[in-house]
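Every number here is computed from the coordinates shown, using simple stated rules; none is lab data. Since the model is a prediction, treat every value here as computed from it, not as a measurement. Here Cβ is always computed from backbone atoms with ideal geometry, including for glycine, and neighbour counts include all displayed protein chains.
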Amino acid sequence: MTRWDEPCCARRRDGQPCGAPAIPGGFVCRRHGGSAPNVKIAAGLRLRQEAEIQALIKWNQTRSFDDLCKVTEAQRAVADYQAKLQHLAKLRRLVKLQRLAAEQGAQDAPRD
C-alpha cells in the first residue's frame, strides 16, 4: 500500500527538506505547488488508481463477490475520472483556440 502521508519532497530556500505533509495522492505540499490544478488532478487520479489496486489485491485474496463488486466500482471510478480529464483537456484546447481567434480578430480590426 502506498503511503500518502509522506512529507513534501520539495526543498526550502535554505536547502533543507520542506517537511510539510504532501497533499493526498501528491508528492508536494500546498505551498510547493500542491494547490495547482494540474497537481490536484494528477493526485486525484493516483488516489483512484491506488484504490483500484488495493481492491484487486483484496479480491485476489478472498475471491468474494463483494470484493469483486468493489473492484468493478474502483475500475469505473478510474475510467470516469480519466474521461473527465479528457473532457477537461478538450475544453482547455477550445478556450485556447477562442483566445487566439479573439486576439487575431482584435489585430485585424481597423483602427481609428
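Here are a few things to note about the model shown:
- Computed FRET value (nearest 0.05) for residue 35 with residue 106, which takes r as the C-beta separation and R₀ as 35 Å: 0.60
- Using C-alpha pairs below 8 Å separated by at least 6 residues, the relative contact order for the chain is 15 percent.
- For the chain, the longest principal axis of the C-alpha atoms and the axis of helix 65-108 are separated by about 10°.
- Taking amide H as placed 1.01 Å from N in the peptide plane, the amide H of residue 12 sits under 5 Å from that of 18, each at least 5 places away or on another chain.
- Excluding exposed DSSP-loop trypsin sites (Lys or Arg not before Pro) (at most 10 other C-beta within 10 Å), longest clean stretch of the chain: 14-62
- With respect to the chain, whose longest principal axis is taken over its alpha-carbon atoms, helix 37-62 is tilted by about 20°.
- Among 94, 47, 68: highest mean-square fluctuation, GNM of the chain, C-alpha pairs under 10 Å: 94
- Label assignment, percent of Cα pairs over 19 Å apart derived from the structure, set (1) 43; (2) 64; (3) 58: (2)
- On the basis of the beta-carbon distance and an R0 of 25 Å, residue 89 and residue 6 show a calculated FRET efficiency of 0.35.
- Given charges at beta-carbon only (K, R positive; D, E negative), |dipole| of the chain in Debye: 240
- Given R0 = 30 Å, the distance between the Cβ atoms of residue 66 and residue 42 translates into a calculated FRET efficiency of 0.50.
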